[in-house]
Amino acid sequence: MQTLPTYDDVVAAAERIKGYAHRTPVLRSRTIDAQLGASLYFKCENLQRIGAFKFRGAFNAIAALDSAHRRAGVIAFSSGNHAQGVALAASLLKVKATIVMPLDAPAAKLAATRSYGAQIVQYDRYTEDRAAITKALAQEHGYTLIPPYDHPDVIAGQGTATMELMQETGPLDLLFVCLGGGGLLSGSALAARALAPQCRIYGVEPEAGNDGQLSLRAGHIVHIDMPKTIADGAQTQFLGNYTFPIIAREVADILTVTDQQLVQAMRFYAERMKILVEPTGCLSLAGASSVKDLLQGKRVGIIISGGNVDLANFCALLGADTQ
Ligand SMILES: *Cc1c(COP(=O)(O)O)cnc(C)c1O
């Protein structure tokens, strides 16, 4: 293991991604402020390149490679936002990218990943082991693996969203972050602790996939079975060896929310704020809304992590929620 990343690494990441990643907007809503009795600041990574914050970490990790590793290329396994983040970052840096994706990945995701110029290797989820396939390809071709969350440069890159947020808003009292494997939460925590030492930082994960909450309480990384939830970006089964110690040190608590709470937040974003947020991206607001008492009179940061939900799915989810 390398040493844990620090706020200095977040600052270095911000330099690297400058001019490549969008500085996403920070939105407000009087409606939600009135409902919750607080001032909420929404950092809109649903409007980031590829539609999610993952571009930040992927770009930072690839840009940090030396020229020999860049020449050899990078590899990642993902069927979600990390695949597109690595594909786009690699193409901007003129690095060859190979993405290992399941045979039954949605056609739109395959097409999007391919459109950034990545080579796609497909495998059968039911009979093949993606980690083994990825490792074999990496060894054969000298590719560098870019993990979705458990890597110091990925964590530092993800931290730049909160750094931008607090540069704009000043120190916030509370920060709510969507939680899967913890790259976004640990990076956000590094930035928040440096820019707002008193800030209370909360991770929010799906109720069905509460491995982060269990891990925080147990004091070690707890593994769970693949959770069933509409938050497909948070179906991770365990936190990482880099993300967990930072989370354990900096995070006040980890909250869980139900799929129904996610749909309510998704509806709010669409109807009131006119923005499209994917179910996983709704975790932070759903979590904040569930602890209204803690928010009274406070300045609260909400990281919206992504907006990649296909419209048929979006409509089906909202249609199923009859309020
Ligand atoms: C990956 C992802 C997450 C979870 O991020 P981690 O760094 O794994 O905790 C949350 N939301 C969206 C939209 C994602 O793509």
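Derivation of every value follows stated rules applied to the coordinates shown; laboratory data play no part. On a predicted model such as this, the values are computed, not experimentally measured, just so you know. Cβ placement follows ideal geometry from the backbone for every residue including glycine, while neighbour counts extend to all protein chains displayed.
Data for the structure
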item: Overall form of the range 1-43 per C-alpha gyration tensor (a/c, 1.5; a/b vs b/c); result: oblate
item: Cα gyration tensor shape for the chain, rounded if a/c is under 1.5, else prolate or oblate; result: prolate
item: Peptides ranked, highest mean first, by Cβ atoms within 10 Å: ranges 263-275, 294-306; result: 294-306, 263-275
item: Residue-wise HN-Hα coupling along the range 134-149, computed from phi with Karplus coefficients 6.51, -1.76, 1.60 (Hz; x: Gly, Pro); result: 5, 5, 5, 5, 4, 5, 5, 10, x, 5, 9, 6, 9, x, x, 8
item: MRE, 222 nm, helices only [DSSP H, n ≥ 4, -39500 (n - 2.57), over the chain, to nearest 500]; result: -12500 deg cm²/dmol
item: Cα shape, the range 229-307, gyration tensor, a/c 1.5 rule; result: oblate
item: Dipole of the chain, positive end: most advanced residue of G85, L255, I120 [Cβ charges, Cα centre]; result: G85
item: Backbone HN-Hα couplings from phi across the range 295-311 [Karplus 6.51/-1.76/1.60, Hz, Gly and Pro as x]; result: 8, 3, x, 9, 9, 10, x, 10, 8, 8, 7, x, x, 8, 9, 6, 5
item: Listed residue pairs exceeding 24 Å between alpha carbons, taken from K96/K228; K18/K109; K43/K228; K96/K135; result: K96/K228; K18/K109; K43/K228
item: Of all DSSP beta bridges in the chain, antiparallel share, percent nearest 5; result: 10 percent
item: Most to least packed among 5-15, 174-184, 206-216 [average Cβ atoms within 10 Å]; result: 174-184, 206-216, 5-15
item: Filtered chymotrypsin sites (Phe, Trp or Tyr not before Pro), the range 102-144: DSSP coil and at most 13 other beta carbons within 10 Å; result: Y126
